[in-house]
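A short worksheet on the structure shown next.
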Amino acid sequence: MSVQPLVTVATDYSRPEKVLILTTGLDLILPCYNPPENWVGTLLQHYEEMQRILAPAPVQLILVNDGSTRNFEMEHIQHLQSAIPDIIIISYPKNRGKGHAVREGSKQGRFDYQVYTDLDFPFGVAIIKRVYEQLLKGTDVVAGVRGAAYLELLPVRRKVITQVSRYINHFLLRLKINDAQAGLKGFNRNGRRILLSTHIDGFLYDSEFIYKAGQDPVITMESLDITCRPGISFSSFRLKLLLQELQNYISILKNNS
């Protein structure tokens with residue numbers, strides 16, 4: 001079955017009248033905010049590798065520009081559209097947060113199966129194939145889980161935040177998967193329904209997603225161990241962001257109790 005190209009989707013572009021939904025293939029959702037220099041070339045390399053290892057299953061690339069103020073210009077869009085004619089690009093002027101970006105990307109999907117990860121593919125490409133294969137077996141939500149080696153790579157403040165987050169996930173939210181913030185998730189239509197019912201726009205949208213999925217008796221979840229590819233660098237979180245996310249923990253319990 002062939003997939004017809006879909007024009008760029010953005011606040012300053014016309015939205016498609018309808019989205020084609022197919023059963024075989026993968027939507028790859030990449031949220032993007034102020035990407036680094038030369039990010040387009042790196043993305044194309046990852047995409048080509050993704051196509052190769054998932055063949056013959058088609059891969060629909062969905063790029064969501066979450067209000068970038070640099071390094072996301074018309075020249076980048078035209079380069080991507082030239083190299084990947086059926087790419088879906090969603091763009092809006094104000095930064096809303098990664099959770100909002102992922103949901104917007106999911107809404108524009110073509111396929112029953114979707115995966116989201118970060119623009120720089122921090123966990124590599126091969127793991128995405130493993131997630132896809134697990135979804136094909138019938139699992140509704142597949143979540144990447146980072147081990148102890150990942151923590152050693154983090155800046156001190158971010159390491160503390162991650163450890164506190166895992167503690168809260170386990171003892172307060174009682175999540176079935178403690179490492180909810182790993183930036184790699186896959187899901188089918190059932191999982192997509194849960195994702196689109198979440199409300200948090202920022203860092204803890206992952207926790208809300210896993211929390212709500214765990215509360216639904218018909219949703220099945222599995223985890224996969226993931227490791228960072230060489231050369232990945234991590235930013236540090238601001239104190240203001242930490243305080244905001246602590247409030248979001250409370251909202252998860254309040255809105256879903």
Which listed residue is more than 23 Å from Ile200 (Cα to Cα) and at pLDDT below 95, from Ala149, Ala83: Ala149
Can you find, within the stretch 219-233, the residue that is modelled with the highest pLDDT among those that are open to solvent by less than 80 Å² (accessible area, probe 1.4 Å), within 18 Å of the chain's Cα centre (by Cα) and not aliphatic (A, V, I, L, M)? Ser223
Hey, among the residues in the stretch 99-110 that are of a type outside the set (Lys, Arg) and open to solvent by 10 Å² or more (accessible area, probe 1.4 Å), which one's nearest to Thr198 (Cα to Cα)? His100
Going by what's in this entry, would Glu49 be described as under 20 Å from Gly124 (Cβ atoms) and surrounded by fewer than 20 Cβ atoms within 10 Å (Cβ to Cβ)? yes
So which pairs qualify, if the first residue must be in the stretch 117-143 and free of Cβ contacts under 8 Å to residues at least 12 places away in the same chain, the second must be surrounded by fewer than 18 Cβ atoms within 10 Å (Cβ to Cβ) and not in a loop (DSSP other than H, G, I, E, B), the Cβ gap must be under 7 Å, and the two must be at least 6 apart or on different chains? none
Restricted to the stretch 52-70, and to residues that are exposed (fewer than 15 other Cβ atoms within 10 Å of the Cβ) and in contact (Cβ under 8 Å) with a residue 12 or more places away in the chain, which residue is nearest to Arg130 (Cα to Cα)? Ile53
Condition first: of a type in the set (D, E, K, R), assigned to a strand (DSSP E or B) and open to solvent by 10 Å² or more (accessible area, probe 1.4 Å). Now tell me which residues in the stretch 25-46 satisfy that. none
Inspect all residues belonging to the stretch 110-129 and state whether any of them is over 17 Å from the mean Cα position of the chain (by Cα) and outside any strand (DSSP E or B). no
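The values are calculated or read from the model by the stated rules, or taken from the named source; none is laboratory data. None of the values given here were measured: they were computed from a predicted structure. Cβ coordinates were reconstructed from backbone atoms using ideal geometry, including for glycine residues, and neighbour counts include every protein chain displayed. For accessibility, only protein heavy atoms count, side chains too; no ligands or nucleic acids. Shrake-Rupley method; radii C 1.70, N 1.55, O 1.52, S 1.80 Å.
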